[in-house]
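First comes the structure, then the notes that go with it.
The values are calculated or read from the model by the stated rules, or taken from the named source; none is laboratory data. Bear in mind the structure is a predicted one, so any value in this text is a computation, not a measurement. With ideal geometry, Cβ positions are generated from the backbone for all residues, glycine too; neighbour counts draw on all protein chains shown. Each accessible area value is taken on the protein alone, full model and side chains, heavy atoms only, with ligands, DNA and RNA left out. Shrake-Rupley method; radii C 1.70, N 1.55, O 1.52, S 1.80 Å.
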Amino acid sequence: YLIGIPAYYASTLCIKPCMDLKITITDSAYYHFVTKRDIRNTIYARNGNPVGKPVRDIKLSAIEETMNSRYRELKTAEAFMSVDGTLHLVADQRTPIMRIMPDEGGDYYLDSEGVVIRRRNLYTPRLHIVGGNINISQAMLNGVSVLDTSIKNTILRDIYYLVSYIKGNSFWSAQIDQIYVDSNDEIVLVPRVG
């Protein structure tokens, strides 16, 4: 009898329609890279409106793949159905450690895992700014971490370790405002005062 109860609920959940879509963005109090509205609109555009569809017709893996491929700002996105028929999407945002503004143009963030993400006009956290002679390769834009050994000859790996050290030291974090890479790949630290 006890084995039949989970099987009954599983079979009734499959034919039940999706009742609601609930989106949770973790760390949204600290970073605002994506909004619930962005995520909802992307799900509707790429996967259709799930509300009203039978639960069995909702492809959770396709929704997760859509979120992970569309928003580099998200570290992970997980979709699941609850017993009441609600589709839940839990998105975990990346944690930026620096803002990168190369001389050749562009505006990016580098996160705590060494992943480069494009800056969107939605939100600008206060971070150390790195500018100058920095090359952002296509592999980096595709999500390969600057810490990955397949990324060759990048000054960003050194800057990642330098900024991580500066952020971990309260004295240096208070002193250094910007970092500049000159044409000889030498790193210049720009203090906040004088």
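Below are the figures for this structure:
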| item | result |
| --- | --- |
| Proximal lysine pairs, the chain, alpha carbons under 20 Å, eight or more residues apart or interchain | 8 |
| Carbon + sulfur, % of accessible area of the chain - ligands and nucleic acids excluded, 1.4 Å | 52 |
| Helix-only CD estimate at 222 nm, as mean residue ellipticity for the chain, using -39500 (n - 2.57) per DSSP H run (n ≥ 4) | -9000 deg cm²/dmol |
| Mean-position separation - Cα centroids, segment 91-108 and segment 19-58, in angstrom | 24 |
| Per residue convex hull volume, Cα atoms of segment 120-194, in Å³ | 120 |
| Per residue value of the accessible surface for the chain (all protein chains in place, 1.4 Å probe), Å² | 57 |
| Selection from T124, G143, G48 lying farthest towards where the dipole of the chain points positive, charges on Cβ | G48 |
| Values of log10 I(q)/I(0), in the order q = 0.18, 0.20, 0.31 Å⁻¹, for segment 89-140 under a Debye, Cα-only, solvent-free model | -0.58, -0.70, -1.41 |
| Estimated FRET transfer efficiency when R0 is 22 angstrom, pair Y161-M101 (beta carbons, to 0.05) | 0.70 |
| Viscosity 0.890 mPa s, 25 °C: Kirkwood-radius Stokes-Einstein D of the chain over Cα pairs, µm²/s | 128 |
| Highest-MSF residue in the chain out of N135, N184, N41 [GNM, Cα springs under 10 Å] | N184 |
| Cα gyration tensor of segment 15-72 - equivalent ellipsoid semi-axes, whole Å, descending | 23, 13, 9 |
| Segment 55-148: mean projected area of Cα convex hull, nm² | 7.5 |
